[in-house]
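Q: Below is one structure. I have some questions about it.
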Amino acid sequence: MLGAFVNAFRTPDLRRKLLFVIGIIVIFRVGSQLPSPGVNVANVRECVSQVENDGIYGLVNLFSGGALLQLTVFALGIMPYITASIILQLLVVVIPRLEALKNEGQAGQTKITQYTRYLTLALAILQATGIVALARAGQLLQCDQDLLYKNNIQTMIIMVVTMTAGTAVIMWLGELITDRGIGNGMSILIFTQVVATFPASLWALQQRKGWGVFAMVVVIGLIIMAAVIFMEQGQRRIPVQYAKRMVGRRMYGGSSTYIPLKVNQAGIIPVIFASSLLYLPALATQFDRSQTSPITQWIGGHLVKGDHPIYMLIFFGLIVFFTYFYVAITFNPVEVADNMKKYGGFIPGIRAGKPTEEYLNYVLSRITLPGATYLGLIALIPLIALAVVGANQNFPFGGTSILIMVGVALDTVKQIESQLQQRNYEGFLR
């Protein structure tokens, strides 16, 4: 593996791409540490050191690499783009116009990408306004210190514009990596932000619990990462045979291929959906100032901290539900069966048309169950750690963190390996 990296840096164009990606990551991290105009940096740091980062903004703060609670230029991170992408993927199934654009190929996909950018900026404005308003009211960190030098409207507008512009710059940086670097730009930026909080969270656990718990967590974390890699690589290959056909004077078809159905077909999207949905009850309790309502007290005791069995069961159930839901809207057996029939393809032993569609539905429903169970169990790791070792929501080997790190790392390594193999070098896997 190290030899493959050496060969990658020996290749001029590949070395140039890798250095370009590293340069973008450095710029990205600098923006994540640069405070927005009007922020009292000393008070913010003091408040951040006093609170545990396990509130309703934990997921957003994870995707911002800790920049959210510090109110930096890149405080919103990549989260508005992720949310906009998910919304557009769901709307493609619902709105016929978007579905028609998707079927138009590259031109239609370019148009959908443009819509995603507009929606990202709109969501960034909404999120920035909410965060700055909470900072002005002193409710962002639940701290008595003033987070802003001035609490006037002018400062608020400047901060909202700065954070929204920061989100636009993040989108631009991600697209630069995709076009001129290696790998998917947005995924690499997400990976960077998650990894940025990893060493600090791991060292904080050592300081609280000692070297014994630290070593145990590292060993268990490595085992979990190996299991995640095994599951992420797992797939069911459905064989497909194409019949020979004559077009003019040339013979086409007669080849064999397969349809790869991954065990984790939905990726990390169900975890994000379930986490976002479970944040709503905790967010609703913030509007009850007295905190004396029976409903508010029940939500505060069962659906906020995450260490309650009811919270874990609901979280697990939502992940399983959203896994089936997302797979159902992203993989269409009817469309796949029709395309196979159109081009003379068939699954050995299965008739083309309706029987193929039913077979794909059958296989997909069976393979999604272990995938959904795996996602649910991985996502419960930080909640179990919260109850066992007293960790916070940003537990170093948390489910969301590991899924992002392993998934993005595998995809990027595969792309580097494919480019190395084109130049007759040995790959990473020997």
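The values are calculated or read from the model by the stated rules, or taken from the named source; none is laboratory data. Computed from a prediction, not measured in an experiment: that's the story for all the values here. Cβ: placed from backbone, ideal geometry, glycine included. Neighbour counts: every protein chain shown. Quick note on the areas: whole protein, heavy atoms, side chains included, nothing else; ligands and nucleic acids left out. Shrake-Rupley method; radii C 1.70, N 1.55, O 1.52, S 1.80 Å.
Q: Could you give the nm distance between label points at Ala328 and Arg15, where each point is 7 Å from its Cα heading toward the beta carbon?
A: It is 5.3 nm.
Q: Related question: Shape call for region 72-226 from the C-alpha gyration tensor, a ≥ b ≥ c root eigenvalues: rounded (a/c under 1.5), prolate (a/b greater than b/c) or oblate? Walk me through the numbers before you get to the answer.
A: Details: a/c = 2.39, a/b = 1.22, b/c = 1.97.
It comes out oblate by the Cα gyration axes.
Q: Project the alpha carbons of region 314-366 onto their principal axes and report the range along each, largest first, in whole Å.
A: 45, 18, 12
Q: Here is a follow-up. Please find the FRET efficiency linking Lys150 to Gln33, where r is the Cβ-Cβ separation and R0 is fixed at 22 Å, and quote it to the nearest 0.05.
A: 0.45
Q: Using a 1.4 angstrom probe, figure out how much accessible area region 340-383 has per residue, in square angstrom, rounded to the nearest whole.
A: The answer is 50 Å² per residue.
Q: Per-residue HN-Hα couplings for region 259-270, Karplus 6.51 cos²θ - 1.76 cosθ + 1.60 at θ = phi - 60°, whole Hz, x for Gly and Pro?
A: 9, x, 10, 6, 4, 9, 6, 8, x, 9, 4, x
Q: Give the peptides 191-200, 18-27 in descending order of average Cβ contacts within 10 Å, highest first.
A: On the way: 191-200: 18.2, 18-27: 15.1.
Answer by packing, highest mean first, reads 191-200, 18-27.
Q: Hey, which lysines would be in cross-link range of Lys111, C-alpha to C-alpha under 24 Å, not counting anything within fewer than 8 residues on its own chain?
A: Excluding near neighbours in sequence, the set is Lys102.
Q: Going by amide H atoms built from the backbone, whose H comes under 5 Å of the H on Ile238, apart from near neighbours?
A: The answer is Ile259, Leu261.
Q: Within the accessible area of region 77-222, what % is carbon and sulfur when the probe is 1.4 Å and the other protein chains stay in place?
A: Carbon and sulfur: 64 percent of the exposed surface of region 77-222.
Q: Sticking with this structure for a sec: Using a cut-off of 13 Å between beta-carbons, work out the net charge of the residues near Thr368 (Lys and Arg +1, Asp and Glu -1, Thr368 not included).
A: Net local charge, Thr368 excluded: +3.
Q: Next up: Quick one: if you stick a label point 7 Å off each Cα along the C-beta vector at Lys111 and Arg236, how many nm between them?
A: In this crude spin-label approximation the distance works out to 3.6 nm.
Q: Same structure again: For region 149-265, what is the accessible area per residue in Å² when the probe is 1.4 Å?
A: Averaged over the residues of region 149-265, the accessible area is 57 Å².
Q: Shifting gears a bit: Could you report the accessible area of Asp179 in Å², rounded to 10, computed with a 1.4 Å probe on the protein chains as they sit in the structure?
A: Roughly 120 Å² of Asp179 is accessible to a 1.4 Å probe.
Q: Provide the net charge surrounding Met186, with neighbours chosen by a C-beta distance below 13 Å and charges set as Lys +1, Arg +1, Asp -1, Glu -1. Numbers along the way, then the final one.
A: Working: positive: Arg117; negative: Glu175, Asp179, Asp411.
In short, -2.
Q: Pop out the ³J(HN,Hα) list for region 403-413 in order, Karplus 6.51 cos²θ - 1.76 cosθ + 1.60 with θ = phi - 60°, rounded to Hz; leave Gly and Pro as x.
A: Karplus values, whole Hz, x for Gly and Pro: 4, 5, 4, 5, x, 5, 4, 5, 4, 5, 5.
Q: Using a Förster distance of 25 angstrom, determine the FRET efficiency expected from the C-beta separation of Trp172 and Leu202, and round it to 0.05.
A: Approximately 0.20, to the nearest 0.05.
Q: I'd like the accessible area for Glu335: 1.4 Å probe, protein heavy atoms, all chains in place, Å² to the nearest 10.
A: 90 Å²
Q: Which of rounded, prolate or oblate describes region 135-243 when judged by the alpha-carbon gyration tensor and an a/c cut-off of 1.5?
A: Note, shape of region 135-243 comes out oblate.
Q: A further question follows. Could you pull out which residues in region 203-226 have an amide N less than 17 Å from a spot 7 Å beyond the Cα of Leu410, following the Cα-Cβ vector?
A: 222-226
Q: Another one. In what sequence, highest mean first, do 160-167, 210-217 appear when ranked by Cβ atoms within 10 angstrom?
A: 160-167, 210-217
Q: Right, next: Go through 127-135, 312-320 and give me the packing order, highest mean Cβ count within 10 Å leading.
A: Going by the mean number of other Cβ atoms within 10 Å, highest first, we get 127-135, 312-320.
Q: Next question, about the same structure. Given H placed 1.01 Å from N in the peptide plane, which residues other than close sequence neighbours of Leu148 have an amide H under 5 Å from its amide H?
A: Asn40
Q: What are the lysines whose alpha-carbon lies under 22 Å from the alpha-carbon of Lys17, with same-chain residues fewer than 8 places away excluded?
A: Those lysines meeting the cut-off are Lys414.
Q: If you average 1/r over every pair of different alpha-carbon atoms in region 88-132 and take one over that average, what Kirkwood value in Å do you get?
A: Radius from the Kirkwood sum: 11.4 Å.
Q: Using a basic spin-label model with each label point 7 Å from the Cα along Cα→Cβ, how many nm lie between Leu369 and Glu99?
A: Computed distance between label sites Leu369 and Glu99 equals 2.9 nm.
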